[in-house]
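Undergrad: I have a structure here, written as structure tokens, and I will follow up with some questions on it.
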Amino acid sequence: MEVPRTLNSGGKSNEHYVAAVRKTFHLQIIAKRLGWSENSPEFYYAYRAVSGELAFNLHRVFQKSLRSLGSEEQIAKWNPLCNEFQIIASYAQTELGHGTYLQGLETEATYDTATQEFVVHSPTLTATKWWPGDISLSGQWGLSYPPCKNWKAPAREPADKWASYTRDHVAPLLSPTSVGRSATHTLVQAQLICSGARRGMHAFIVPIRSLEDHSPLPGVTVGDIGPKMGFDSIDNGFLRLDHVRVPRENMLSRFAQVLPDGTYFKLGSPQTNYFSMVVMRVDLLLGEIIPLLQKACVIAVRYSVIRRQSRIRPSDPEAKILDYQTQQQKLLPHLATAYAFHFLGSNLSEFLHSSYDAILNKDFSHLPELHALSAGIKAMVSDLCLQGTELCRRACGGHGYSNLSGLPSLVTKVTASCTYEGDNTVLYLQTARFLVKNYQQAHPTPGSTLQRSLPQSVAYLATTDLARCPAQKAADFLHPKLYTTAWAHVATRLVKDSVNHLETLMQSGADWDEAWNQTTILHLHAAKAHCYYISVKSFTETLQKLENEPEVQQVIKHLCDLYALHGILTSAADFLHDGFLSGAQVDAVRTAYLDLLRLIRKDAILLTDAFDFTDHCLNSALGCYDGNVYERLFHWAQESPTNTQGNPAYEKYLRPLLQSQRSKL
Amino acid sequence: MNQDLRREREAASFNPELLTHVLDGSPESTRRRREIENLILNDPDFQHEDLNFLTRSQRYEVAVRKSANMVKKMREFDIADPEEIMWFKKVHLVNFVEPVGLNFSMFIPTLLNQGTTAQQEKWLLSSKGLQIIGTYAQTEMGHGTHLRGLETTATYDPETQEFILNSPTVTSIKWWPGGLGKTSNHAIVLAQLITKGKCYGLHAFIVPIRELGTHKPLPGITVGDIGPKFGYDEMDNGYLKMDNYRIPRENMLMKYAQVKPDGTYVKPVSNKLTYGTMVFVRSFLVGEAARCLSKACTIAIRYSAVRHQSEIKLGEPEPQILDFQTQQYKLFPLLATAYAFQFVGAYMKETYHRINEDIGQGDLSELPELHALAAGLKAFTSWTTNAAIEACRMACGGHGYSHCSGLPNIYVNFTPTCTFEGENTVMMLQTARFLMKSYDQVHSGKLVCGMVSYLNDLPTQRIQPQQVAVWPTVVDIDSPDSLTEAYKLRAARLVEIAAKNLQNEVIHRESKEVAWNLTSVDLVRASEAHCHYVVVKLFSEKLLKIQDKSVHAVLRNLCLLYCLYGISQKAGDFLQGSIMTESQITQVNQRMKELLTAIRPDAVALVDAFDFQDVTLGSVLGRYDGNVYENLFEWAKKSPLNKSEVHESYCKYLKPLQSKL
């Protein structure tokens, strides 16, 4: 039993960092030898196998940005350098004092006609680039790579048949990297100033370290931003630029150009920026965020059948903790969520892919919907994955607190995803804007223009629905159509409600911005219900596609039912509010829900095995496939550096303390 | 000072100093607390490098050094009152995890409670003086909450008059005790006592584990650190394995049960009194939840007043993020919760002392209720606080993720509270057991008293049995008292539903225990509703005792917000029970938004009143002066990773990468 190094490094981020650099280094060599191309399934598998503890992910993001924002000449110049690792690239957008709000960024790039250079400068302390590597804003770059085509996992043993359904998509894994210590070049997002006018945000390639000895170049102050809650292996950095000059050719110029004389002109549509954000978010869902919840479920569920505690009946031996109803209620809804999100991410990715060519051909008709969907879904998925992962950790009792469980590092990774790539509240509100707009379009005020058909994901806002749920007994709630309709009803009502409040405020004289801020809590609420509806709908659609696999379909249906009903119980008030569900119906939902827990309990282990994570990838003493939890825990603990190295604190402080007392005694 | 914070403080409607007195209990307590804090914070012996930049081994070393200093200083300054030690020393200097802490919090109290006079004479003095550093080893690798499942054995050998201690399996290895790994030389070990071939259950034994002088593990003892954890880096939580390890007969704590030299077992008279320590610790943890949440709120609210972002109105400068309704909605209910828990913590402390005096006089009548209340409130407050700290952290955006915010540390050090001293779900089920007992008692015609007395008024207990649902209620959403009534009805309803479902399952299942398991989700809900009611009740009662008008006004707003926020979160329960109508729920949501606006001008003063010093907060974002960005930059520069401009890994890996590919 090899002891995982990352667990036992004693919390030194330095060691994590070195390990990540080392692994990336070897991976690159292997990839080169075996001829894996970027974004290939092989790369994704390799990433999955090493659990994402790699450096230089932004290096590739830099390349993608280059290829979508750069001119042909720029691509020809820089891309080979990146491929050969002659330069190590990163990029820098977020600043110490500015995040989500792009226009607030302070870094400037002023064109100097005399030398045909840009002078890139951080005018204030708050303009210091901070977190670069934070993927949060990578999306601004109009990444132009297509997500990989659907492909099936290689054939597996029969017991693993669910695995192929969970592995339909490929996403390059992206993590924050690497201005702090690694990068030699950075793509800096700065306010372009030329011919005396501010032209908004543009991207500039800025060399920051010497290619000879890696030392920072003149005018560049660069460093690591210090220890964080997680992501120890990533050197998120800060970057201050003091009038650093770069040649005119270093501004990426596919969509905007500055001519030698300082004339500025635009070549493209700003809407392409949206698209890159969409692509980035969808990649993140499948490649980074959702697997974290899946892993947490695997660990917690496996441990819950190994761990025994107390007795259910006095005459019995101690029970497996998964046999307690309270433990099932903690874990199984999140297992269902892990499946729901997998299908949701896959369906979203498919939608994105089917719209992709149209968008490249400048047909942007699907873009607003894609943008709204990806924003809200990213927010919901990261929110609920965080809740689920943390709950899995606590459901493992004391051992879940030990790093040897593998769970703390999952929590610290997933929690970051609630902030990066757009703060969740901000993202939900972007979705809400889309909902408000479409609702108003579907229900025009008298005299205004005629409605046109709504995008598919919000089409339900225009349909009239039942005022009361027709279910009579618990079993009636096990029908996908019934609960999908229920979710559509609630989402519609909440959107309508938020629109009404907004319009009322505006009629009483508030301007739109003020009215919006005064109603954001309602919009948030509506957007959440909408996203949940979308996820339930996507789950039921996946279910239909499984018709040829009745056995799998059956077990997936239990999960789908549980997912939908768990959501209803969590938001019971929304269903009770207008009498859509009666109190008795909510009680029936609860009965159906508790029965489902018992049914899924039986398949719980196989359902987690189907995710098909290797022990190495889980990195958990509690979640190992063979279930030898305690032996492994003891072995790993004994190998901890605290046990293999001496105890200087005893010599320095304890011994004198003990002895000073002894002399007195 | 930062201009935004200055303006916030000038605009507050009340004097935070007065509110600090309310929180501490009296102006005198505030004075004494500050005195002790300053004594320690200004002492050069307690200065140290920022823990965030140290390795785990270095952090442990700093903690041991501070512990050793602390013992010396307490002697020097004559701080002996356990109250002051417990509530001030350990608590107000949080981020201060003590490897020798368990010597004082568990080893010595257990010795006092369960040791004979002779045993106390033998060990007390040397453990107080830290010649003996003790810890308390109960939890095993495979066994936690369920005490009877512990496997460690202590078999009596009458020949030598010794106990032979054994860890018979991997799962029986003692696991988690604080200070066990590296620091302690003695442990009180809980083991199954076996004498004359019979097992008599768990008893406590004093076990030497390391040699005095060399500090080396004794033969037969395997001891070490359990490895890195989510938090508590400074603590050497340990493991302990014993192989035929012999200790003298006198090392069994024998105040109650005894083993005679010939191996005869003498039963204890009563063991109810051991509840006392548990109740004390759980009551203490309620206050601990309040303090941790107060800290998190202080950081998030101050930072939200300093940080500017985006725009509310087109063309205007970027507003403070505290002006966004969504930010207020994230933070103010948590601020209200922090105040609510502060008052609950104070109540639990008082109640514990009052009941402890009764117990001293032989009156055990209130102990069961206190026991149930402490278990439930420990779970309720720690669950809420756990989520709330994390919400505060995320409300600080990206910087909240950095250790400079101090929030990751608060979180990882608080979150084990949900697990230790009784796992929360198990705690909720203990409270539920008490609720079910009380329900049955009322059902059989006897009245109950205390916090559960509302069960006396259940309509089903009246002559004409009827559904709770038709209780006539008129809830005034502007009156804390009326809202308390609403919470009471909710608790009563959920207790009744759980009781009925339990009865129903009992009829259909083969045993009561299986029925209990199949109702446990309902039972936990009932306990939560009961605890929520208790918190609301204590908060609104506290309002009556506030003299100062302006303080009263602002606390009343917080109390209302706490009540209304809970209703909006659990609206389903209030609707389903017909406690409130749909239109009232709509009013609740509307009123809540008004309260957010009303609290906004006082938000900074409200966190100032918690009176945390910057050192105690350990946060760059939460600094009193609000000079966040300058200090953030300075802090990052101190990171050891920045010590050299070119990192060693460059030469090792990056340079070769460029040539090999």
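Undergrad: Residue by residue through region A:504-524, note down the ones that are part of a helix (DSSP H, G or I), in contact with a helix residue (DSSP H, G or I) (Cβ under 8 Å, 6 or more places away or on another chain) and of a type outside the set (V, I, T). Full working, then the answer.
TA: Initial filter on region A:504-524 (part of a helix (DSSP H, G or I)): A:504-507, A:512-518, A:520-524.
So of that shortlist, the ones also in contact with a helix residue (DSSP H, G or I) (Cβ under 8 Å, 6 or more places away or on another chain) come out as A:505-506, A:512, A:514-518, A:520-524.
Those that are part of a helix (DSSP H, G or I), in contact with a helix residue (DSSP H, G or I) (Cβ under 8 Å, 6 or more places away or on another chain) and of a type outside the set (V, I, T): A:L505, A:M506, A:W512, A:E514, A:A515, A:W516, A:N517, A:Q518, A:L522, A:H523, A:L524.
Undergrad: Find the strands (runs of 3 or more DSSP E) located wholly in region B:121-182 whose residues include 3 or more that are in the same structural domain as B:I194 (by the TED database) and either closer than 22 Å to B:M278 by Cα or without any contact (Cβ under 8 Å) to a residue 12 or more places away in the chain (or both), and list them.
TA: Passing ranges, in order: B:134-137.
Undergrad: Just to check your reading of the model, which residue among B:E505, B:E541, B:E510, B:E582 is out of contact with any strand residue (DSSP E or B) (no Cβ under 6 Å at 6 or more places or on another chain), closer than 30 Å to B:D24 by Cβ, of a type in the set (D, E, K, R) and surrounded by fewer than 23 Cβ atoms within 10 Å (Cβ to Cβ)? Quick ask: steps written out before the conclusion?
TA: On the way: B:E505 fails: closer than 30 Å to B:D24 by Cβ; B:E510 fails: closer than 30 Å to B:D24 by Cβ; B:E582 fails: closer than 30 Å to B:D24 by Cβ.
Just one listed residue meets the conditions, B:E541.
Undergrad: For region B:8-24, state whether one or more residues are at pLDDT below 85 and not in a helix (DSSP H, G or I).
TA: The answer is no, given that none of the residues of region B:8-24 is at pLDDT below 85 and not in a helix (DSSP H, G or I).
Undergrad: Considering B:M436, B:M428, B:M451, which residue is within 14 Å of chain A (Cβ to nearest Cβ) and assigned to a helix (DSSP H, G or I)?
TA: Answer to the check: B:M428.
Undergrad: Sticking with this structure for a sec: Condition first: of a type outside the set (D, E) and not in a helix (DSSP H, G or I). Now tell me which residues in region B:477-510 satisfy that.
TA: Matches in region B:477-510: B:I477, B:S479, B:R509.
Undergrad: If I filter region B:214-235 down to residues being part of a loop (DSSP other than H, G, I, E, B) and facing chain A (nearest Cβ under 7 Å), which single residue comes out as surrounded by the most Cβ atoms within 10 Å (Cβ to Cβ)?
TA: For region B:214-235, the residue satisfying everything is B:I226.
Undergrad: Sticking with this structure for a sec: Taking A:L597 as the residue in question, decide whether it is within 30 Å of the chain's Cα centre (by Cα), within 10 Å of chain B (Cβ to nearest Cβ) and either touching a residue at least 40 places away in the same chain (Cβ under 8 Å) or farther than 25 Å from A:H399 by Cα (or both).
TA: Criteria met by A:L597.
Undergrad: If only one of B:T425, B:T385 is more than 24 Å from B:Y136 (Cβ to Cβ) and among the polar types (S, T, N, Q), which one is it?
TA: When all the criteria are applied, what remains is B:T385.
Conditions (1) touching a Gly at 6+ places or on another chain (Cβ under 8 Å); (2) modelled with pLDDT of 95 or more; (3) away from every other protein chain (no Cβ under 14 Å); (4) in a loop (DSSP other than H, G, I, E, B), marked per residue:
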| site | (1), (2), (3), (4) |
| --- | --- |
| A:L332 | no, yes, no, no |
| A:Y339 | no, yes, yes, no |
| A:F343 | no, yes, yes, no |
| A:S349 | no, no, yes, no |
| A:S354 | no, no, yes, no |
| A:S365 | no, no, yes, yes |
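Undergrad: Can you name every residue in region A:410-425 that is more than 8 Å from chain B (Cβ to nearest Cβ) and surrounded by 24 or more Cβ atoms within 10 Å (Cβ to Cβ)?
TA: Hits for region A:410-425 are A:L410, A:V414, A:E421, A:G422.
Undergrad: Go through region B:156-177 residue by residue and tally those that are of a type in the set (K, R) and under 22 Å from B:K196 (Cα atoms).
TA: 0
Undergrad: Yes or no: region B:612-620 includes at least one residue that is touching a residue at least 40 places away in the same chain (Cβ under 8 Å), surrounded by fewer than 18 Cβ atoms within 10 Å (Cβ to Cβ) and either assigned by the TED database to the domain that holds B:T484 or among the basic types (K, R) (or both).
TA: Yes, region B:612-620 contains at least one residue that is touching a residue at least 40 places away in the same chain (Cβ under 8 Å), surrounded by fewer than 18 Cβ atoms within 10 Å (Cβ to Cβ) and either assigned by the TED database to the domain that holds B:T484 or among the basic types (K, R) (or both).
Undergrad: Then there is this: Out of A:P480, A:P446, A:P455, which single residue is surrounded by 13 or more Cβ atoms within 10 Å (Cβ to Cβ) and modelled with pLDDT under 95?
TA: Within the list A:P480, A:P446, A:P455, the selection yields A:P455.
Undergrad: Then there's this: Can you find even one residue in region B:542-555 that is under 19 Å from A:L569 (Cβ atoms), among the β-branched types (V, I, T) and assigned to a helix (DSSP H, G or I)?
TA: no
Undergrad: Tally the residues that are more than 23 Å from A:Q645 (Cα to Cα), in a loop (DSSP other than H, G, I, E, B) and of a type in the set (D, E, K, R), restricting the search to region B:183-213.
TA: 1
Undergrad: Okay, next question. Conditions: (1) crowded, with 19+ Cβ neighbours inside 10 Å; (2) under 24 Å from A:R394 (Cβ atoms). B:A387 meets all but one. Number of the miss?
TA: Answer for B:A387: the failing condition is (1).
Undergrad: To continue, here is another question. Let me confirm something: among A:C624, A:C617, which residue is more than 13 Å from chain B (Cβ to nearest Cβ), part of a helix (DSSP H, G or I), at pLDDT 80 or above and over 30 Å from B:R525 (Cβ atoms)?
TA: A:C617
Undergrad: Among the residues of region B:140-189, write down those that are touching a Pro at 6+ places or on another chain (Cβ under 9 Å), of a type in the set (D, E, K, R) and surrounded by fewer than 21 Cβ atoms within 10 Å (Cβ to Cβ).
TA: B:E151, B:E162
Undergrad: Restricting to region A:229-270, name every residue that is buried (at least 18 other Cβ atoms within 10 Å of the Cβ), in a strand (DSSP E or B), more than 14 Å from chain B (Cβ to nearest Cβ) and modelled with pLDDT of 90 or more.
TA: Of everything in region A:229-270, those that are buried (at least 18 other Cβ atoms within 10 Å of the Cβ), in a strand (DSSP E or B), more than 14 Å from chain B (Cβ to nearest Cβ) and modelled with pLDDT of 90 or more turn out to be A:L241, A:V244, A:V246, A:M251, A:V258.
Undergrad: Does region A:402-415 contain any residue that is within 23 Å of A:C531 (Cα to Cα), among the β-branched types (V, I, T) and either in contact with a His (Cβ under 8 Å, 6 or more places away or on another chain) or not in a helix (DSSP H, G or I) (or both)?
TA: There is no residue in region A:402-415 that is within 23 Å of A:C531 (Cα to Cα), among the β-branched types (V, I, T) and either in contact with a His (Cβ under 8 Å, 6 or more places away or on another chain) or not in a helix (DSSP H, G or I) (or both).
Undergrad: Could you tell me whether B:E648 is closer than 26 Å to B:L41 by Cβ, surrounded by fewer than 16 Cβ atoms within 10 Å (Cβ to Cβ) and at pLDDT below 95?
TA: no
Undergrad: Quick check on region A:166-179. Is at least one of its residues at pLDDT 85 or above, within 14 Å of chain B (Cβ to nearest Cβ) and touching a Gly at 6+ places or on another chain (Cβ under 9 Å)?
TA: We begin by selecting, within region A:166-179, every residue at pLDDT 85 or above; these are none.
Within region A:166-179, not a single residue is at pLDDT 85 or above, within 14 Å of chain B (Cβ to nearest Cβ) and touching a Gly at 6+ places or on another chain (Cβ under 9 Å).
Undergrad: If A:Y428 satisfies all but one of (1) more than 26 Å from A:I290 (Cβ to Cβ); (2) within 14 Å of chain B (Cβ to nearest Cβ); (3) of a type outside the set (D, E, K, R); (4) assigned to a helix (DSSP H, G or I), what's the number of the condition it fails?
TA: Only one criterion is unmet by A:Y428, namely (1).
Undergrad: Check region A:536-544 and report whether any residue there is within 14 Å of chain B (Cβ to nearest Cβ), in a helix (DSSP H, G or I) and without any contact (Cβ under 8 Å) to a residue 24 or more places away in the chain.
TA: No, there is no match, as no residue in region A:536-544 is within 14 Å of chain B (Cβ to nearest Cβ), in a helix (DSSP H, G or I) and without any contact (Cβ under 8 Å) to a residue 24 or more places away in the chain.
Undergrad: Moving to a separate point now. Scanning for something within 30 Å of B:A498 (Cβ to Cβ), in a helix (DSSP H, G or I) and either of a type in the set (S, T, N, Q) or outside the structural domain of B:R493 (by the TED database) (or both), does region B:621-640 turn up at least one residue?
TA: No, because not a single residue in region B:621-640 is within 30 Å of B:A498 (Cβ to Cβ), in a helix (DSSP H, G or I) and either of a type in the set (S, T, N, Q) or outside the structural domain of B:R493 (by the TED database) (or both).
Undergrad: Same structure again: Kindly provide the set of residues from region B:292-313 that are out of contact with any helix residue (DSSP H, G or I) (no Cβ under 6 Å at 6 or more places or on another chain) and either surrounded by fewer than 24 Cβ atoms within 10 Å (Cβ to Cβ) or within 13 Å of chain A (Cβ to nearest Cβ) (or both), ordered by number.
TA: Residues satisfying the conditions are B:Y303, B:H308, B:S310, B:E311.
The values are calculated or read from the model by the stated rules, or taken from the named source; none is laboratory data. From a predicted model like this one, the values you see are computed outputs, not experimental measurements. Note: ideal-geometry Cβ built from the backbone for every residue, glycine included; neighbour counts use all protein chains shown.
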